[in-house]
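Remarks on the structure that follows.
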Amino acid sequence: MTRLEIRVTGTVQGVGFRPFVYRLATELGLAGSVRNTPAGVVIEVEGEEEHIEEFQRRLREDAPPLARIGSVATRELEPTGEPGFRIIESQAAPRPTALTPPDVALCADCQREIGDSQDRRHGYPFTNCTNCGPRFSIVRGIPYDRQQTTMAAFEMCEDCAREYREPRDRRFHAEPVACPKCGPRLRLDEREVPDAIEQVAEMLTDGKVVAIKGLGGYHLACDARSADAVETLRTRKGRGQKPFAIMVRDLEEARRVAEVSDRAAALLSSPESPVVIMPAVPGSGLAEGIAPRQRTVGVMLPYTPLHRLLLDRAPPALVMTSGNLAEEPIVHTDEEAKQKLGPIADHILAHNREIAVPCDDSVVRVDGDLVIPVRRARGYVPRSVPVDVEGPPVLAVGGYHKNTFCLLRKGEAILSQHIGDLDTAEVLDYFGRAVRHFEQLFEVTPDVVAHDLHPGYLSTQWAKSLEGVRLVGVQHHHAHVVSVMAELGLMEPVIGVSYDGTGYGPDGTAWGGEVLAADRSGYERAFHLLQVPLPGGEAAIERPGRMALSHLIATFGREEGLAKARRLLPDLTDAELRVVSRQIERGVNCPPTSSMGRFFDAIAALLGATPEATYEGQPAMELEAMATAWAGDTLLPYGYEVENGVIDTRPIVRAIVADLEHGVERATIAACFHETVAAFTCDACRLLHDQGGPPDVVLAGGVMQNARLLARLLELLSEAGLHPHIHKEVPPNDGGMSLGQAVVASESTGR
Ligand code: ZN
Ligand code: ZN
Ligand code: FE
């Protein structure tokens, strides 16, 4: 007889690990116990040596799908002869973040059950188990048990209660366990009907728009192959040209509409089940209106039993876009759905399980091997990011676009789900409630509050209204860089390339094309794009032609610049040209900007991209799409100058105008422009490194969602002997900025 103590760390709590250990030990006839501790799971097993060896092997190999085993440490104990195997209830509670897991996509076992006509959960759209189902989105408070979730309203039937209590059952302690007898039910247009899913499938086939209540909120759905249905939805939703995500029946269907790489396939089928943006397959039959002027498509697989059952009956590809108006938070209550989505949708499919925490779909862009997180929400939140910090607890309130916030405490950062653009009282209210919910759920009371330097951001004003906390203002582009450092555990100084739309510079100008010499607590601005006027602030963002005019005037002077603009920017009226050029000349409401995002906008406008940006980043995304059409082998970058800390954009604009005047194809110019940005960025980094800078280069900011640019940068920097780093799970856009803010604030107050 041998007795062994086995200590397991990693993600082993709240994922069905103890019942798994129990089942494995009893199957092998071992005695002993398993218990949760703050440091992980501690197992004692006693029995014959060969059985213990098998136990150790299968502990790793057969672990539950959501478990991620970190370390396993063993030591021998004296055998005690105690009979049987027990799960010991924990005295000391583990970390709260270990116990409120993210929502998990439907598992294979549950999928089998709902398709099995002999099973008591056959066709039941709320089936779940220890390995799958709603979590974060149904939690109202701590500790995480059924009474603290929106499942408290449903009393378990005897069968479900038996499964819940039985350690051998795969639903042991699955808090949201439910069945057709006792669990939530569907409602179609406010009535319970037995065949709601079949009816909705038929409506969708008929080209109708249906609002569907999902896991973290409502979706608006329609047949993705019906141009009319897609057009109707787009018009009613008032969404401009922003691409719609689609949900397809299975991987096979995904491959019909998109180029699905191995990385993409793995993500599509993962427990997180995000929307994966991939290169679109031309002529796949999807309506043009799904992603106007783009060459990509965002696809997800059914991730709840309701979606699974629906997609088995409905058209094989459905638009599944967040149920909201423009950039408002996703609709999650039935009342709001009636009010706000009623006018958009022909029908509403709801259910009586409340959503406690609204949570949008997560979005990841995949191009070949390149994985670019775009939005981190359902499936990922509130999983914490391990961060090496010692300082006081911090709340970072994020920025304006794509807001998220972040709670930081010893050893970990907890990022919120995507909140949205923080520009109305309604979103700010939602933001404030979400902050309180997180503070309560994860038992963090922040001493320090980090915010952006922009005095006009609602997040900044909200932070400044707090009492009894220490405020730390963090520069926008520094926050982007440190966010990458924090996620990857980079402790040494880096070269930080921070390219985005705009962010507040400490000199009061609009930054956005910055190369910083940075560490976790500070930075120096080493290089930046030549500053040009940003005429009319936001107006220049909506009308990218104005940004082109600004660059033309900066390059050619007022008269010649205007003359070129008349020829090259037919979408700008004469009156607009006159007004904006005078505005630039007099410097009225024209903050200087070094924005890389706006530089992309300007070039996009010159190449004939959309005259109106109907969503953030649209012109730049169209420019990337144009470059995709280029089919040559080698490209030489346009000439540029990097001198005295300034990357001069004028030679590039001059060369592009010459190309346009010589009738060079737009695809070639677009591709050459991307090559040029990659080349001068690499040059700037190399210069900095040659002057004694570090070899590590961090690539951050919303512009890094451009797969073409990012891929080329990674190549060039590696060829130059530098070490480029990018985010893994946290978005490089403003949705990931709060992590960097939190760490900068922690560094500057904690040590
Ligand atoms: Zn399951
Ligand atoms: Zn039941
Ligand atoms: Fe930014």
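Considering region 368-390, and only residues there that are of a type in the set (A, V, I, L, M, F, W, C) and assigned to a loop (DSSP other than H, G, I, E, B), the residue that is nearest to ligand 3 (Cβ to nearest atom) turns out to be Ala377.
Within region 701-726, the residues that satisfy the criterion of being within 16 Å of ligand 3 (Cβ to nearest atom), under 21 Å from Thr296 (Cα atoms) and within 19 Å of the chain's Cα centre (by Cα) are Gly701, Gly702, Val703, Met704, Gln705, Asn706, Leu710.
With respect to (1) in the same structural domain as Gly617 (by TED's automatic domain parsing); (2) of a type in the set (Gly, Ala, Ser); (3) touching a helix residue (DSSP H, G or I) at 6+ places or on another chain (Cβ under 9 Å), the lone exception for Ala742 is condition (1). Against the conditions (1) touching a Gly at 6+ places or on another chain (Cβ under 6 Å); (2) crowded, with 17+ Cβ neighbours inside 10 Å, Asp659 satisfies every one except (1). Close Cβ contacts (under 6 Å, 6 or more residues apart or on different chains) running from residues in region 694-715 that are at positive phi and modelled with pLDDT of 95 or more to residues that are in a strand (DSSP E or B) and surrounded by 24 or more Cβ atoms within 10 Å (Cβ to Cβ) comprise Gly701/Ser498; Gly701/Tyr499; Gly701/Asp500. Being away from ligand 2 (no atom under 16 Å from the Cβ), in contact (Cβ under 8 Å) with a residue 12 or more places away in the chain, part of a loop (DSSP other than H, G, I, E, B) and charged (D, E, K, R) is a condition met by no residue of region 169-183. On inspection, Gly513 fails the criterion of being over 17 Å from Gly735 (Cβ atoms) and either in the same structural domain as His674 (by TED's automatic domain parsing) or more than 23 Å from the chain's Cα centre (by Cα) (or both).
Any residue at all in region 671-690 that's farther than 30 Å from Lys410 by Cα, modelled with pLDDT of 95 or more and surrounded by fewer than 17 Cβ atoms within 10 Å (Cβ to Cβ)? There is at least one residue in region 671-690 that is farther than 30 Å from Lys410 by Cα, modelled with pLDDT of 95 or more and surrounded by fewer than 17 Cβ atoms within 10 Å (Cβ to Cβ). Take the conditions surrounded by fewer than 22 Cβ atoms within 10 Å (Cβ to Cβ), under 11 Å from Gln741 (Cα atoms) and more than 16 Å from ligand 2 (Cβ to nearest atom) and apply them to Leu453. Does it pass? Yes; evaluated as a whole, the condition is true for this residue. Screening Leu220 with (1) part of a strand (DSSP E or B); (2) surrounded by fewer than 18 Cβ atoms within 10 Å (Cβ to Cβ) gives one miss only, at (2). Return yes or no: is Arg120 within 12 Å of ligand 2 (Cβ to nearest atom) and more than 24 Å from Gly14 (Cα to Cα)? So Arg120 fits the description; yes. So which residues in region 181-207 are among the β-branched types (Val, Ile, Thr) and under 30 Å from the mean Cα position of the chain (by Cα)? Matches in region 181-207: Ile197, Val200. Restricted to region 160-171, and to residues there that are more than 23 Å from Ala356 (Cβ to Cβ) and surrounded by 14 or more Cβ atoms within 10 Å (Cβ to Cβ), the residue that is nearest to ligand 3 (Cβ to nearest atom) is Arg170. Within region 184-200, the set of residues being in contact with a helix residue (DSSP H, G or I) (Cβ under 9 Å, 6 or more places away or on another chain), away from ligand 2 (no atom under 16 Å from the Cβ) and in a loop (DSSP other than H, G, I, E, B) comprises Glu190, Val193.
With respect to Val8, determine if the residue is hydrophobic (A, V, I, L, M, F, W, C), part of a loop (DSSP other than H, G, I, E, B) and crowded, with 17+ Cβ neighbours inside 10 Å.
Details: hydrophobic (A, V, I, L, M, F, W, C): yes; part of a loop (DSSP other than H, G, I, E, B): no; crowded, with 17+ Cβ neighbours inside 10 Å: yes.
Criteria not met by Val8.
The values are calculated or read from the model by the stated rules, or taken from the named source; none is laboratory data. Not measured: the values here are computed from a predicted model. A quick note on method: Cβ atoms are made from the backbone with ideal geometry, for glycine too, and the neighbour counts reach across all protein chains shown.
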